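Working notes, beginning with the structure itself.
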């Protein structure tokens, strides 16, 4: 293993995010994933002779949203360009993309690092069309092309080489994914490839000003693979340099089975894309008013939201992070806080520890759950009023999640009301003390932790419904000291 | 007088008066094609059954008094560059020899909606790359005035079909002169509209920033009638202009050039201009003066850079536009042996002719990294200068008049081995495309040998009306456009 300490790691990520539009970027075909091959195609996305692209307005709207959500400047005039290369999944022999005049530039994101919050630059964001998908027969039969994905709108988000470790790369990727999901422009699905990334990785001696040759890593479509591939690549590059060699500027594929990167054949990457402005589309002019409207409609993004939860609700940054990780959960939580009205901390605890566990197992998600924020607020009210104890409350929560009944109704129907009648508790305590003379002796002899044992026995007598505070008081009085 | 000797406007009136039926007119065209085309090779496809069915439908509409307008029942034909649903569309190339589009181009859809009878698909230079129709994979089209000569190109079939009176009008496309040059060489009237005036959807792309569809017919009025049906914004073409489409036909009844200022650019009357062509054009200019126009001496100083600029921009765009012909989805595909690269190489080597290959190579080179700035970018800058030349000229004049071509129709085979000489056939027509302006060619005389000569009229952007006006006024006073080639049977 090479001496990492002498080397600085430089990473920049390029992310491709499929946009959640209903139709493709240049034609009216559906973008839905998983249809029969080549059923979501038309002469335009098949690249028939004579067809022309017409830009989907929603794609521009989403690109503006992405730009504003990452602090970019939005160009008043941007230009589509053709990227020319031959591949069977690219029907026209060129991809319509943007080149020297992209729609968004000069943005940034913040990530958490052990040293605190770090700003990571975003060089540019541009719009382009996705290619189709080739499938190859392992038996050596003919390869197949599915063009359902051809023309699905993509955002390419190019990050600055500001990342200094694989952990930072993963943090950046997570942060970016959260943002595009919050903005409603991407579903964040890395398995289906709708959010995918390439990494540019290089190393240099600490203190060196110039960058050394970089390697582009592909096929790293999960957070785990991003980390593994970068880690492997850092070690590989340091070894090459330290053994007197030179890292070659090239594209390398991550082998997910073996956990190593390997160079693509040079033929696969020796491209001169011959970019030139797309003559079939006019330069895209965007009025200020459009940008301002989109700005006005931007949702609160995860980082500011988490900070607000900490500041306004007094919950921990960790809890805030858990709550904002999903936009729907954060909204649910906020509604519950409002409905409850007596502090956010218990709400946060219940959401994180109980509600999330319940909604995780149901397919419809938190927003559609029968367990509404108002019902959680009612339940917390019952706890506050000592109508039920915590154990019963968890039972009630599960029933409410299943049936949607009011918590009070459930308490009554299932007889879960807390026993706060001192007489009943005293009677139960007397029975327990009488039946456990030995333990009573030990307790009185100083083994105070036996109180838990007595609590358990009394609760058992009360079928779990005893008010724990009262039970403790009664026991302490009766056992003495 | 034969039915096919009528102009489009005359036929339209007779159809409206029910003096003739669409079926009769269509049969007359089909007979004429059968008689003359073996000598001309203007048609690549004659859709007899389809045409007769459309003609029947037209007659039925007419009987129900539901005529779709002045083109209803008029037999027309299309350059084989326009996609026609269910009808083979080759673009003059082996690579599309068996391509049957699943959709209609906007032009085809609009002509169908106007009731026109679409008789067939016309010969052309392969992918519209050529000035003589000799690059067609299906043999050259011949000039009805002299079958040993070219009808011009690339829309040679569209021009020859009108000159030989096979149909009443045709559509062609013009990227660097491909409508006006063959119109001049065949004694027909042909118009290239303002870039964006007519949709490009469904027209197989050669050079996207230059291509424009337009009509061929016997007269300016006939061209106006066809343009009327196909012009106007198309939501399927982002570069089509959302501009008002005026009534071009009605004002032509009493068209006059009285008071019009017509610019005569110095740069078009220099060495290389055939003396007989010059003589006919000068006579036409005098005729326009006699009709009340004023000639104004003007300069278009960047004219000489037109051909060089064009032969960077057009091949560059073509090299990209033609990448889709890769053997994967449609058209020729030689995939029996070898892998992917073999399929690409074999298909494109066998499918494209040598002129197309030459332009793909030139264009690929011009866009290559390291050469882009020196060629493509510089060409775009020259384009701006050429546009500025016209802006300055049009501040002083209403239209510009020039010879359409430096020479009359040349012999087939004469220039095939000399691409530069061939490219110079477009020297007077190319700058109009680079500037995106409308241009028209009308017949203005003949050489001693009986070959037609064309007068080119260039207009301001979106001012096709002035071109029709000059053309109609000139044609009202002359009969060059009425002359027919002797029978070519």
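Values quoted throughout were computed directly from the atomic coordinates according to the rules given, and no laboratory measurement underlies them. A quick note: this is a predicted structure, and the numbers were derived from the prediction, not measured. Neighbour counts are summed over all protein chains in view; Cβ atoms, including those assigned to glycine, are modelled from backbone coordinates with ideal geometry.
Observations on the model:
- Once the C-beta distance of residue A:209 and residue A:115 is scaled by a Förster radius of 22 Å, the resulting FRET efficiency is 0.50 to the nearest 0.05.
- Pairwise centroid distance, computed over Cα atoms, of the stretch B:128-176 with the stretch A:157-224, Å: 57
- Computed label-point distance, nm, for sites residue A:77 and residue A:463 using a 7 Å Cα→Cβ extension: 8.0
- If R0 is taken as 60 Å, the Cβ-Cβ distance between residue B:349 and residue B:247 corresponds to a FRET efficiency of 0.75.
- The distance from the alpha carbon centre of the stretch B:340-413 to that of the stretch B:287-307 is 24 Å, rounded to a whole number.
- Potential extension, residue B:13-residue B:336 segment - 0.36 nm per residue separation minus Cα distance: 110.7 nm
- Extension gain (nm, one decimal) between residue B:48 and residue B:299, 0.36 nm per residue minus Cα-Cα: 85.4 nm
- Most to least packed among B:104-111, B:60-67 [average Cβ atoms within 10 Å]: B:104-111, B:60-67
- With the simple model of a label 7 Å out from the Cα in the direction of the Cβ, residue A:442 to residue A:478 spans 1.9 nm.
- With N counted as the residues of the stretch A:422-479, its alpha-carbon radius of gyration over 2.2 N^0.38 Å works out to 1.00.
- Mean Cα-pair separation over length for the stretch A:422-479, i.e. relative contact order, pairs under 8 Å, 6 or more apart, %: 48
- The mean count of C-beta atoms from other chains within 10 Å of the C-beta of residues in A:452-458, rounded to a whole number, is 0.
- Measuring max minus min along each principal axis, the C-alpha atoms of the protein assembly as shown give extents of 138, 79, 59 Å (largest first).
- Against the rule of thumb 2.2 N^0.38 Å, how large the Cα Rg of the stretch B:3-258 comes out: 0.91
- Counts of other chain beta carbons within 10 angstrom of each beta carbon in peptide B:205-211 average 3.
- Peptide B:233-240 has a mean shielding of 4, counted as Cβ atoms of other protein chains within 10 Å of each residue's Cβ.
- Reference-scaled alpha-carbon Rg (2.2 N^0.38 Å with N residues) for the stretch A:300-413: 1.02
- For the stretch A:197-341, the square roots of the Cα gyration tensor eigenvalues, ordered a ≥ b ≥ c, give a/c of at least 1.5 with a/b no greater than b/c, which places it in the oblate category.
- Length gained on full extension, residue A:370 to residue A:137, computed as 0.36 nm times the residue gap minus the Cα-Cα distance: 79.2 nm.
- FRET efficiency, residue A:243 to residue B:395 (Cβ-Cβ, R0 56 Å, nearest 0.05): 0.20
- Rounded tilt (10° steps) of A:390-403 against the dominant C-alpha axis of chain A: 50
- On Cα atoms only, tilt of A:223-242 relative to the major axis of chain A in degrees: 60
- Distance between the stretch B:1-59 and the stretch A:405-428 - C-alpha centres, whole angstrom: 96
- Ratio Rg/Rh [Cα only; Rh per Kirkwood] for chain B: 0.95
- With contacts taken as Cα pairs under 8 Å and at least 6 residues apart, chain B reaches a relative contact order of 18 percent.
- Label separation (residue B:486 vs residue A:264): 6.7 nm, computed from points 7 Å beyond Cα along the C-beta direction.
- Over chain A: Kirkwood hydrodynamic radius from C-alpha pairwise inverse distances, Å: 26.9
- Against chain A, whose longest principal axis comes from its Cα atoms, helix A:422-435 is set at around 80 degrees.
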